[in-house]
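Structure record follows, encoded as C-alpha cells.
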Amino acid sequence: MSYNKLWGIDTQDDKPIRVCLFISRNKDNKDRIKDFVERRKAFITTKTEEELSSEFSAFVSDGKDGEMCRMYLSVNARDGDKIYKELLHFLIDNPDFNLAHIQSKLASISAKKECALEKKWMFDFDCEDSNKLDEFIKDIINMSKPLQREITTYRTPNGYAVVVGSGFDTRELFEKWNNRDIVTLKRDDLLCIGWDYKLEPIGSEEK
C-alpha cells in the first residue's frame, strides 16, 4: 500500500474544489433551544452534495434535540494554485500556528474572493412565492442581455437562491426590486444546499 493510499490521499482528484460549511446558527436555534451553543465545521472538498450527505447527517446527530443545521457549498469553485500559495505565505508568517486547525484555516483562505475560480453571482431571493420568483428570473434575462445565458435556482429555508453564470449591470434590476426587501446580491458566497433537524428520540417525552 502506498503512503498516499494509507492516508486516503487521492493525488489524481481533479474535481472542482469548493468550500463547505456545516453550521447550526444562533439565528435558527437560540430562541427555541435552551442553552444553545452555535456549532460549525468548515473545510474544503471536491465531494458532491450527495457524497457529503453522510458527514452532514453525523453533524446533525451531534446537536441537541430539535436543533436546525445547515449545509453550505461555495457558489464558485476555488483556485487550487492560489489557495496553495496563500497557505504557504500564512504558515511562513505564522510559525506558531496550531496545525490541528489547518482544515478551518484552509476553508477561510479558500473563501477569499481572490481565490475564486469562477465568476458566478448569487441572488438571495427571500420569498416563497414562485410567481414572484419567475418574474425575477425573467427580469434578469431581459435586463442582462446578451450576457446572461446560465440561470439556476435552488430552494432555501426562507425562499430561493438564484445563481447566474456571470456578473452584469444590476442597476435596472434593483431599481425595480430594491423596494420589495426580498432580493440581496451575494456575488461570490456560500449557497445553502441542505438543512435538517436533530429529531428527538422516540419515547423521549415525559409521561
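The values are calculated or read from the model by the stated rules, or taken from the named source; none is laboratory data. Treat the numbers as computed from the prediction; the structure is a model and nothing was measured. Ideal geometry is used to build each Cβ from the backbone, glycine not excepted, and the neighbour counts take in all protein chains shown.
Some observations on this one:
- Near pairs, Cβ below 8 angstrom, 6+ apart or cross-chain, from the stretch 167-192 (in contact (Cβ under 8 Å) with a residue 24 or more places away in the chain and in a loop (DSSP other than H, G, I, E, B)) to any residue that is of a type in the set (Gly, Ala, Ser) and surrounded by 12 or more Cβ atoms within 10 Å (Cβ to Cβ): Phe168/Ser144; Asp169/Ser144; Ile182/Gly159; Arg187/Gly167; Asp188/Ser74; Asp188/Ala116; Asp189/Ser74
- Among the residues of the stretch 60-67, some residue qualifies, meaning at least one is assigned to a helix (DSSP H, G or I), farther than 17 Å from Leu191 by Cβ and in contact with a Cys (Cβ under 9 Å, 6 or more places away or on another chain).
- Applying the set (1) modelled with pLDDT under 95; (2) in a helix (DSSP H, G or I); (3) not β-branched (Val, Ile, Thr) to Lys119 leaves exactly one unmet item: (2).
- Some residue of the stretch 198-207 being touching a Phe, Trp or Tyr at 6+ places or on another chain (Cβ under 9 Å), among the basic types (Lys, Arg) and at pLDDT below 95: no
- The residue of the stretch 95-118 that is surrounded by the fewest Cβ atoms within 10 Å (Cβ to Cβ), among those that are under 24 Å from Val162 (Cα atoms) and free of Cβ contacts under 8 Å to residues at least 60 places away in the same chain, is Glu114.
- Search result, residues across the stretch 38-53 that are assigned to a strand (DSSP E or B) and among the small types (Gly, Ala, Ser): Ala42
Residues are listed down the side, and each one gets a yes or a no for (1) under 20 Å from Lys41 (Cα atoms); (2) outside any helix (DSSP H, G or I); (3) modelled with pLDDT under 95; (4) not assigned by TED's automatic domain parsing to the domain that holds Asn29:
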position	(1), (2), (3), (4)
Arg70	yes, yes, no, no
Lys105	yes, no, no, no
Ser108	yes, no, no, no
Asn131	no, no, no, yes
Ile141	no, no, yes, yes
Arg155	no, yes, no, yes
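- Selected residue (criterion: farthest from Asp65 (Cα to Cα)) from residues of the stretch 24-37 that are part of a loop (DSSP other than H, G, I, E, B) and touching a residue at least 24 places away in the same chain (Cβ under 8 Å): Arg25
- Arg180, sole failed condition from (1) assigned by TED's automatic domain parsing to the domain that holds Cys20; (2) at pLDDT below 95: (1)
- Sole residue being under 22 Å from Pro157 (Cα atoms), not β-branched (Val, Ile, Thr) and not assigned by TED's automatic domain parsing to the domain that holds Val163, chosen from Gly80, Gly66: Gly66
- Some residue of the stretch 84-94 being among the acidic types (Asp, Glu), loosely packed, with under 11 Cβ neighbours inside 10 Å and either free of Cβ contacts under 8 Å to residues at least 60 places away in the same chain or assigned to a loop (DSSP other than H, G, I, E, B) (or both): yes
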